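Values in this text are rule-based calculations from the coordinates and carry no lab data. The structure displayed is predicted, hence computed values, not measured ones. When we count neighbours, we look across all protein chains shown, and the Cβ atoms used for this are built from the backbone with ideal geometry, even at glycine.
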Amino acid sequence: MPRSSPVGRISEPASIDLESLLARASTGDQDAFAAIYDATAPRLYGVASRLSASPAEAEDLASSAYLDIWRAAAHFDAQRCSALLWMVAAVHRRASGADGGRGPAWHGG
């Protein structure tokens with residue numbers, strides 16, 4: 001069985017509308033964000049673990065990325081990429097230090 005698919009082909013969890021949940025989260029809806037977390041945590045932690053030296057570092061990376069996602073949810077643009085790809089990019093951005101440690105200064109996908 002092949003490993004994970006290329007990043008550009010990441011599919012969203014079945015029966016979960018992450019785009020709508022991100023829109024709700026952007027208004028402060030904590031239940032929507034909890035649903036986002038529940039639907040995506042295994043995948044985003046998996047990405048974080050491949051980019052980290054240890055499980056503890058992966059947990060910190062994933063947690064920081066989720067904080068960035070919460071803060072920047074209003075900037076998600078479904079015309080640019082899928083919600084899951086946008087969230088995976090948040091993990092990569094955080095891991096690479098592209099955000100300069102400032103959090104959600106980034107806007108797009």
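Taking 0.36 nm per residue of sequence separation and removing the Cα-Cα distance, the Ala53/Ala78 pair yields an extension gain of 5.8 nm.
Each residue in Phe33, Phe76 was given a count of other beta-carbon atoms within 10 angstrom of its own, and listing them fewest first yields Phe33, Phe76. When peptides 77-83, 36-42 are sorted by average Cβ neighbour count within 10 Å, with the highest value leading, the order is 36-42, 77-83.
Each Cα pair under 8 Å and six or more residues apart adds its sequence gap; the mean of these over the residue count of region 17-96 is a relative contact order of 38 percent. Remark: the Ala34-Ser20 segment gains 3.7 nm on full extension, using 0.36 nm per residue and subtracting the alpha carbon distance. Evaluated on region 17-96, the Kirkwood hydrodynamic radius is 12.4 Å, with distances taken between all distinct Cα atoms.
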